[in-house]
Structure formats: C-alpha cells, structure tokens
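A.B. asks: Handing you this structure, nothing more for now.
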Amino acid sequence: MFSELLPAGAVEARVILEESIVFWRGQDGIAYAIEDRCPHRWAPLSIGKQVGADRIRCKYHGLEFDGTGHCVHNPHGKGRIPESETLRSYPVHEYCGIIWLWMGWEEPNLALLPDLSNYLPDSPHHVAKPGWIAIDVPFELMIDNVLDLSHVALVHEGVLGNEESLAGETSFEQRGVDSVAAYRFTRNIPAPEYFDLIYKADGRKLDIWNNVSWKAPTHLMLEVGCTDVGGQRSDGTEILAHHVLTPVTKTSCMYHYLGAQCNAPSRSAEQMDAVAKRLGELRKLAFFEQDGPIVAAQFKVIQRNGEFRPLPLPGIDQAAVLWRRLYKRILKQEQARHPLQNVPAATAVA
Amino acid sequence: MFSELLPAGAVEARVILEESIVFWRGQDGIAYAIEDRCPHRWAPLSIGKQVGADRIRCKYHGLEFDGTGHCVHNPHGKGRIPESETLRSYPVHEYCGIIWLWMGWEEPNLALLPDLSNYLPDSPHHVAKPGWIAIDVPFELMIDNVLDLSHVALVHEGVLGNEESLAGETSFEQRGVDSVAAYRFTRNIPAPEYFDLIYKADGRKLDIWNNVSWKAPTHLMLEVGCTDVGGQRSDGTEILAHHVLTPVTKTSCMYHYLGAQCNAPSRSAEQMDAVAKRLGELRKLAFFEQDGPIVAAQFKVIQRNGEFRPLPLPGIDQAAVLWRRLYKRILKQEQARHPLQNVPAATAVA
Amino acid sequence: MFSELLPAGAVEARVILEESIVFWRGQDGIAYAIEDRCPHRWAPLSIGKQVGADRIRCKYHGLEFDGTGHCVHNPHGKGRIPESETLRSYPVHEYCGIIWLWMGWEEPNLALLPDLSNYLPDSPHHVAKPGWIAIDVPFELMIDNVLDLSHVALVHEGVLGNEESLAGETSFEQRGVDSVAAYRFTRNIPAPEYFDLIYKADGRKLDIWNNVSWKAPTHLMLEVGCTDVGGQRSDGTEILAHHVLTPVTKTSCMYHYLGAQCNAPSRSAEQMDAVAKRLGELRKLAFFEQDGPIVAAQFKVIQRNGEFRPLPLPGIDQAAVLWRRLYKRILKQEQARHPLQNVPAATAVA
C-alpha cells in the first residue's frame, strides 16, 4: 500500500491473499496490520478507530487491540481482558513510500525490498505520481501480459507499437532461481506516439527497446526506451517502471505502478506539462481500452472452460513459461518447509 | 404480517423459513395462506387474484384453490378437478393487528400469541405506527444484537447511550425453558437525546434503564425508560417495544417492531408532533446508520470465515449465550418429536 | 442467426448449447463459425477481426485461423505455425435469410432446414421484419408455453383471447417420431383485438383458430386465423409464424420469430401502417407484459424447488407431454450413437 493512502488517524481494510487485514498508524506514525476481525462478536476492526498511542478500538463494543494482535483493553464490567486466540499480526515495514506487508511464515527478509528511490518525488528521474488500480483477473494473467513483449504491436498499435514492431527480436534470460528477463529490440520503425513523446516529438523513425523482468513473487521491472536510428542507447532516453502485483483473491489483484525517466530531453515547463498530460492519457488508453478488456476477455474464456492450458509460441513466450515454472518451484519449496501452514497456492485456473 | 398489509382483494407473496407462501383474504375478510405454487405448471399463485368467496385463481390457466390448498375449480375441458397433491396450507390467526402464521407440524397453540393491545392505535399508550424492515442477515444476529445491552454506549453514542453508559451494570435471568432477560441500570448520566426527548427535554442528567427479554422463538420485549437522578421509576417514563423477527431464508429476515409509552409527559399537540418526528428520525438513524451497517459487516466476516465462534465476555454476553442454548434445545426436542418432517434447523454459520 | 446480423466485415460472438462460438464472413460473403478461443493465450477470437479472404485474426497476438479451425498464419518469429489442437469448426449453411449452424456430431442434413420463403421480404405474404429476443429461462419452458393453447384466454385476455375463449376445444396429433400438433377452434366469440385488427377491424364476433406444432429439436409453427361466424376458413385470414428457439445455456435461450399473412384484407397504405404499428405493440405487450413475466415467475418456482414435476391436465396438456417424450427419446438415441461425445442433455430442472 502506498504510504500516502494511510494518513495519520486513518484505518484501512484490505484483502490480500484472501485474508482480511486492517491497517492503522500509531500516534508516532508507525503502521500496524492485524487480522480484521474482533474475536468477540466478529465485527471487522476496520470500522473502528485508532485510539491511544498505538491501538485500534472495535466499534461494536470497544475492545482495544495493539499491533501484535492482543486485546489490551475491555471497557466493560471489571475490565478483565478476555483470554482469546491472538489475532494474526503481520510484520510491516515502510520503505520508499510503500507500506510492505509480510504474509509469509518465515522471518521477514528486508533485504528483499526493492530500492525504489529513483521513483520518489525528490529524485531527478521522477516523472509521475505512483498509482494503482484494482483488477478482476488473477495476478498471474497480468504477469503473463507484461512479460509478453510481442502483444505490444497489435494491442497497443499506434501507442506503444505498430505493424513494424512485429519484426522485433526478443531474447530471454533466466536470472538465478527467482527472476526472468526478456529483451526486445526493434530497429528503424515509425515512432509510436509514446516514444515520439518521451524523446524528440518530431515524428522521425527510431530504434526502440522494451526490456522487462520478473522477480519473485510479483515484481515487474521495465526499461522502455528509444534513440536515433543506429544511435547509442545512451544518447536516447529511457523510461524505468516498477510494477508490483498484490493478489487480493484467487481471481483479483491490485496493480501498483511507479515510473521514472533517464536522459529526459530538455523542455520548457509548458512542454513538460503537455507531455506529462498526454502520457497520462496514453497510459489510461493502454490499460483501460487495450490490455484491460483483452485480459478480462481471456479470463472469461478460462473461467468458462474451467482450466487454462496455453500453447506457448517459440520466440515470444519463453518468459511466460519460465516465470510460472520458477514460481511453482518456489511455492513448492515453501509448502515443504511449512506443511501445516496455509501457504498460498497457485490459482486453480490461471 | 401486519393486517393492514393485506387489504381486501390483495394477494401477497412471502418467503418464510425458506418456504414460498401466498396470502389472500376471502370476501368475509378471513386471511388464508397456502404454498405459493400451482401444481399444474408451477406458476406462483401470488401473481393470480382472489375470486369467489374464498378462492385464489392461478393467472396462467385459471385453476382455483381454497384456503385448505385444494383445487376446487378447473375452467378447462369438462372441468374435472385434477387429482393432485394438496398444497400445504398454513393455519392463520389474526390477532392484535397481526396475521400470525403457524409453520410447525403440531396443532397451533393460540395461547402463545402475545397480547399486543397496548400497542394498538386505540390504546392510551399508543405512540407510533408499527413498522418492519427487511434485513439481509440471519435473524440470530439480530437477536444477539438486541439482547446485548452493552453495545448501546458506543454504537448508539449520543442517541441511546454515551461513554458514561459504559458504567452501567447488567444482570441476567433465565425465565423457564424458553425465555431470557437482561436488565441494565445506569445512574446519573448526561441524557442521550432519545431519553431527553421522551422525558423532559431539558438536558438534565438522568437515571436510565434498559430491560430486554427474548421469548422463543423470536420475540423480543424491551422496556427502556428514565427518571430523575435518584427518583422513582414510577415518576419517570418508559417506552415499551415488542420486536418480532421472521426468518425468511437462512441469511435474511423481516424485523417487525411495535412501540408504546407509559407515563408520557403531558405536552401540547405541536410538541408531541415534534417529538414524534424526531423519535422517528432517531429510530432510522439507530438502525440504518448504526446497528444495520455493523451487523451487516459482522455477517460478512462470518461468511468469509465460513463459521462463527464468538468469544463471550463476562458481564455482557450471558443473554446471547443463554438464548441460543435454549433455542437449540427447543429445536432438538421438536426434531425428535417430528423426525420425518423438515423442522427448521439453526443456521449453519450464525 | 439472422443473416443481416452478420454483415460483411462483422465478427459476432454467440453462446449456443453452452459452447462459445465466433461467426464471421469471408470476402466472398460465406459465413464461418468456429470455437471462440485462440489456443495460444485463450483470448476470444471474437474480439479480433476478419482478415484476408476468409480468416479471423486474434487481437492479442495476431494468429490467424480459417473456417476449418486451423491456424494458418503466425506473424511472429519465423512464422512457424504452432502444432496445436484444431479448434472445433461448425458446419454453417445460409438459407432463407438465416445462418444455420450444425451443433451435432453427425453429417449435417440440409433437408431438415425449413423452407421459410413465405416470410421473406419479397414474398406476397410478408408482413413484418423477423426478430428475436434473449430470454433467461430454459427453452423447454418456452416450447411448453407456445404448445399450450389454453393459457391464451387468461394470460392474453383482450389481446389474443378472453373468457369466452375458455370454451374452445383442442385436439392433438403426433406427427411421426419428431413432431406434435395441437388444434384449437373457438366459435362465435367477441373478437380479441389481435383478430379484429388482422381481419375486418369492425368489432364483430368471429370464429377463431389457433393451430401450433412442434418439430424437433426446437421449431414451432403457428397458424392463427379467424373468419366470420360460421364462415369458410378460406374466406377469413390467417397469420403464419415460425418460431425457432436456440438454447444458449441450460437456463437461457434466444427466441427467433418470423411472421406472414395469408388472405390479408385489402387496405390503404395508411391503414396498413396503422395496423402494423398496433400489431407490433400487441406483440410486445403479449410477450413482455404477459408471457414473459409468467414464465420467468414459473422458472423461479422451479429453481427454488430444484425440480419440475408438472401435473398435466386432460384436454389441454397433451402436446406439452408429447413433445418432451419425443424429444427425450431422440436425445437418448443420439447419445447411444455417440456415447463419447458431449451430446446436449435435457436440462435438469425444466
């Protein structure tokens, strides 16, 4: 969750991996996350409010809980604290403008959190406010979609690709046991609007690259850039983007995105505003009118059939095949280490 | 069903305990209730109309049925009455402005019907028209809610209770094998608006009592009153209320309520109108913005978890524990007496 | 599907017998129908477009398929055609303004297609544009409804029948192994509006006939006419109608209807327009306010009960009993011939 979505005094409910979780901040700003269920009458704690230094108070009867999931105050009778199951508490760490939540059963490994300082407002590369959208398809289909560089030519025709983009060549790389990358380079093509905008906005032909990588469990890193035909990449410009998919249920997810730019061309403030405005429009178009409907339609077909057995095409689908293979292996290993826990499993149909 | 909801000539459909039932009146005003399904093509009889002295006529083909569930007229061919299963017919008794329906398999015991004459328009205690609302939660959660006097302080803060109400003491009593009562008395507290209105409307502190009882299967009787601090109850005023919950499905119910007042303060007609108007607003506020959302949220948590194992708190939850225990015992006894019948069982999750 | 619903260049998705099917036309106008699922990433082909002489192109990655369900073009990499399951292809035949689709596992028998030339715009009997509506009830209930001539008196009172129509007599006939007919004749009754309109529009009494037949699997043929009391049928007028029900899912269908008139009275162009306008209104009224709500209500009762055991009435229900008996026998025979195929079965509850 982006930090700004949990201001002081706010209480927020989220469903993550099918678990209902309530977030709040203490008076010192520290964020807490525990199971969103008062053990007394099972009212959700998220309709309650923050009280005291670090507590959340149930709206139904006023029981108070701290960030460890323990009941610490009972306003009734003699005030005796009921002996109950402790609510599950989730380790939380706030870093680079994001509240990270640890859903696993092992100790949190903070070294896994990505350094996103390039994307923050005080970075010279900062271009746009981070954002997120709720999507009613399994997160796996979104990862497939982003790792698949070949759909850009037709689905995002005119915006991010065109018929000429079909000629691009893609190579693939497995990075260790938990990451996969795909690299695509297309030479000397009419510039799709997005590339024209971020570079020189003069309509000339360009060399274009789209690099994307997946890192377990649900991180996607993109480098999308262009330069003059035959030119050096370092003379062109490049958009960096970090996308994080948060599974909500087996059939829905939150899609978080952050963007930055390297070697942005020098422009007047008015020019920059106009470019930023148009880039925002293109991003909405690309998602809400292009990727979104197609992935939703794909998911309907999968649901109607009750299964998903895609047919990988040579030259374009290696990354989609590889990330699922690595992901399943990681899940299996985690399930073997924690056989009695409810380790999240891959979805049934996607 | 309130009598006024079934005027002469009207036909009404209801679902009660998962059974579809059609109600109508004969020409002499007597109400009938039978299964809402024409045995011919299974059209609902409730889209038909009342005909003759006491019949209902199916809209699809015109077969006519009487209040015993027998087909008594066939307008087609030689008019032969089809030999069919008889539709289930429900004993009906109209008393104190309510049409009471007997869903059980034993003879109706009219002595069980409550005397509600205090609540009728011609009673000196009459204060407001009876009403009802449809609620999409199991009736059990509503009984829990009303029997629980401790939630008033926080959920109805400012209206029926306040932080000072938390200090009230509650005692409990089992009455025979089918009734439970809870009594709460709170001394010398700033008057919540409801009590201020029904008593002297001058903002002074009051002593307040909330008494509630459950009687099997789904009757709730409330006595809610106030008096001067340290004064006699008989010098104060008291609202009587009778609430009846009618289960519709396992996850929905109808909530019927009747109210009366004893020792109402003497007021001008304008004052009485103003008070009645504000009390109506407070009742809507208490239910639609306070109890309603919280019970609906509680039920969502229960549904998501697939079970409900509340944690009773000493001093506040005895009534909620007791009524469920007595209710289950009564159901079990009835099921033992009628093993082959479809005796309504307690809901699975609530 | 009516031919006009698939113009040149159009791509249409339909669900028939629970199968998702995409329709398109080649450049020469020939219609094709194949499974609506790209085997690559399972996007529906119906969001793609027609390309080349006779192909459909997937919108997601540009794979192209022909009318046999084979992939014939891959725009990526070296263009190698993936070795995949062939998509199911459905034989299609266009005849009398309708695209007929063969869902069965045997060779299509074009001789079974009905000659509907009487209903086409260039026929002297043509009266109205064919139409269709989507209905959320099993197609079986609609066949029952149309074959049942006795419901007209009450359900369509004033429009197609009236209390006097109840006196009509109905006879029934089985025609071979796959067809059933019902004939109803009613003498000397006040003319319901529909008959008054199509004949002399002067309010006199009429003799009226309603004949209807079912032919497997889902064809309904109606002859509805009237003449002067005691007159020759050939001196009166008659509306012919052909209704085809296309099952969509087990609980929904498409209802297609075509109408023609024989011996239409001679009228001015303005009179004809006024009559046609009012007939259109009556058709909407008869379906959307009369049959539609009652059949939907009937289906709700059936769904709530989880089964359907109607009670046939002598003199009115023989056709409804017979068509289901013949239909089940045909299904059973087909299932015996194709035991391993997914032969569509009768619905569970209707």
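A.B. asks: Where only protein heavy atoms count, and the probe is 1.4 Å, what is the accessible area per residue for chain A in Å²? Walk me through the numbers on the way to the answer.
C.D. replies: Details: 16040 Å² over 350 residues.
Accessible surface, normalised per residue, equals 46 Å².
A.B. asks: In nm, one decimal, shortest first: how far is the label point of B:E163 (7 Å from Cα along Cα to beta carbon) from the matching points in the other copies?
C.D. replies: So the label point of B:E163 gives 7.3, 7.3 nm to the other copies.
A.B. asks: Here's a follow-up. Enumerate the aspartates and glutamates that B:K332 could reach by cross-link, defined here as Cα to Cα under 14 Å, with residues fewer than 8 away along the same chain left out.
C.D. replies: The reachable aspartates and glutamates, counting only those whose Cα sits under 14 Å from B:K332, are B:D178.
A.B. asks: Kindly provide log₁₀ I(q)/I(0) values, in the same order as q = 0.17, 0.18 Å⁻¹, from the Debye equation applied to equal alpha-carbon scatterers of the stretch B:21-164.
C.D. replies: Debye output, listed in q order: -1.06, -1.12.
A.B. asks: Also, I was wondering about something else. What do you get for Rg/Rh of the stretch A:194-247 when both radii come from the Cα atoms and Rh is the Kirkwood radius?
C.D. replies: Working: Rg = 13.5 Å, Rh = 12.2 Å.
Taking Rg over the Kirkwood Rh, I get 1.10.
A.B. asks: Here's another thing I want to ask about it. For the stretch C:162-312, what does the equivalent ellipsoid look like in terms of its semi-axes, each the square root of 5 times an eigenvalue of the Cα gyration tensor, given largest first in whole Å? Let's see the in-between values first.
C.D. replies: Details: eigenvalues 176, 72, 55 Å².
The three semi-axes for the stretch C:162-312 are 30, 19, 17 Å.
A.B. asks: Quick check on the stretch B:278-326: take the gyration tensor over C-alpha atoms, sort the square-rooted eigenvalues as a ≥ b ≥ c, and tell me if it's rounded (a/c under 1.5), prolate or oblate. Let's see the in-between values first.
C.D. replies: Numbers: a/c = 2.95, a/b = 1.45, b/c = 2.03.
Here the stretch B:278-326 falls in the oblate category.
A.B. asks: Taking the 0 to 90 degree range and rounding to the nearest ten, how far is the long axis of helix B:318-337 tilted relative to the main principal axis of chain B, both from C-alpha atoms?
C.D. replies: 20
A.B. asks: Provide the packing ranking of A:270-283, C:50-63, i.e. peptides ordered by the mean count of other C-beta atoms within 10 Å per residue, highest first. Don't skip to the answer; put the middle values down first.
C.D. replies: Numbers: A:270-283: 13.7, C:50-63: 20.6.
Ranked from most to least packed, the peptides come out as C:50-63, A:270-283.
A.B. asks: So what does the Cα-only Debye profile of the stretch A:1-69 read at q = 0.17, 0.22, 0.26 Å⁻¹, as log10 I(q)/I(0), no solvent term?
C.D. replies: Values returned for q = 0.17, 0.22, 0.26 Å⁻¹ are -0.52, -0.87, -1.19.
A.B. asks: If the cut-off is a Cα-Cα distance under 15 Å, which aspartates and glutamates reach A:K250, setting aside same-chain residues fewer than 8 apart in sequence?
C.D. replies: Cross-link targets: A:E18, A:E19, A:D136, A:E140, A:E307.
A.B. asks: Next up: In degrees, nearest 10, range 0 to 90: what is the angle between the Cα axis of helix B:269-284 and the longest Cα principal axis of chain B?
C.D. replies: The two axes meet at around 70 degrees.
A.B. asks: Past 18 Å, Cα to Cα, is the threshold; run C:K129/C:K200; A:K300/C:K59; A:K205/C:K78; B:K129/B:K205 against it and keep the listed order. Provide the component values of the computation, followed by the final result.
C.D. replies: Details: C:K129/C:K200 23 Å; A:K300/C:K59 15 Å; A:K205/C:K78 24 Å; B:K129/B:K205 30 Å.
Over 18 Å apart, Cα to Cα: C:K129/C:K200; A:K205/C:K78; B:K129/B:K205.
A.B. asks: Report, in cubic angstrom per residue, the convex hull volume of the C-alpha atoms of the protein assembly as shown. Mind showing how you got there, number by number?
C.D. replies: Details: hull volume 266.9 nm³, N = 1050.
Value for the protein assembly as shown: 254 Å³ per residue.
A.B. asks: Please provide three numbers in whole Å: the alpha-carbon extents of the stretch C:100-236 along the principal axes, with the largest listed first.
C.D. replies: Between the extreme Cα coordinates on each principal axis of the stretch C:100-236 lie 53, 33, 31 Å.
A.B. asks: Going 7 Å from Cα along the Cα-Cβ axis for the label, what nanometre distances separate C:T68 from the same residue across the other copies?
C.D. replies: 7.3, 7.3
A.B. asks: The stretch C:236-350: Rg/Rh from Cα coordinates, Kirkwood Rh? Display every interim value, and only then the final one.
C.D. replies: On the way: Rg = 19.3 Å, Rh = 18.0 Å.
Checking Rg against Rh, the ratio lands at 1.07.
A.B. asks: Let me ask another. Please report, in Å, the Rg and the Dmax of the stretch A:78-117, where both are computed over Cα atoms only.
C.D. replies: Reported Rg and Dmax, both Å: 15.5, 51.
A.B. asks: Would you work out the Kirkwood radius for the stretch A:217-265? I mean one over the mean of 1/r across all pairs of different Cα atoms, in Å. Walk me through the intermediate numbers first.
C.D. replies: Values: mean 1/r = 0.0795 Å⁻¹.
With all distinct Cα pairs of the stretch A:217-265 included, I get 12.6 Å.
A.B. asks: Then there is this: Suppose you put the label 7 Å out from Cα in the Cβ direction; list, shortest first and in nm with one decimal, how far C:D196 is from each other copy's label.
C.D. replies: Nearest first, the other copies' label points are 6.7, 6.7 nm away.
A.B. asks: Further, regarding this structure: Peptide B:309-319: average number of partner chain Cβ atoms within 10 Å per residue?
C.D. replies: 5
A.B. asks: Please give the direction-averaged projected area of the C-alpha convex hull for chain B, in square nanometres with one decimal. Numbers along the way, then the final one.
C.D. replies: Working: hull surface 80.6 nm².
Taking the Cα atoms of chain B, their convex hull projects to 20.1 nm² on average.
A.B. asks: Take the Cα atoms of the stretch B:153-210, find their three principal axes, and give me the spread along each one in whole Å, biggest first.
C.D. replies: 43, 20, 19
A.B. asks: Rounded to the nearest 10 degrees, what's the angle between the helix B:292-305 long axis and the longest principal axis of chain B, both from Cα atoms, 0 to 90?
C.D. replies: Value to nearest ten degrees: 70.
A.B. asks: Next up: From the convex hull of the Cα coordinates of the stretch A:88-146, what is the mean projected area in square nanometres?
C.D. replies: Working: hull surface 24.1 nm².
Average of the hull's projected areas for the stretch A:88-146 equals 6.0 nm².
A.B. asks: Tell me, rounded to the nearest percent, the portion of alpha carbon pairs in the stretch A:128-178 spaced more than 18 Å apart.
C.D. replies: 53
A.B. asks: Still on this structure, I have one more. Nearest 100 Å², what total accessible surface is buried between chain B and chain C (probe 1.4 Å)? Could you put the intermediate results ahead of the total?
C.D. replies: On the way: alone 18420 and 18360 Å², together 34410 Å².
In total, this chain pair buries about 2400 Å².
The values are calculated or read from the model by the stated rules, or taken from the named source; none is laboratory data. Every value quoted in this text rests on a predicted model; they were computed, and no experiment measured them. So basically every Cβ, Gly included, is an ideal-geometry build from the backbone, and we count neighbours across all protein chains shown. For accessibility, only protein heavy atoms count, side chains too; no ligands or nucleic acids. Shrake-Rupley method; radii C 1.70, N 1.55, O 1.52, S 1.80 Å.
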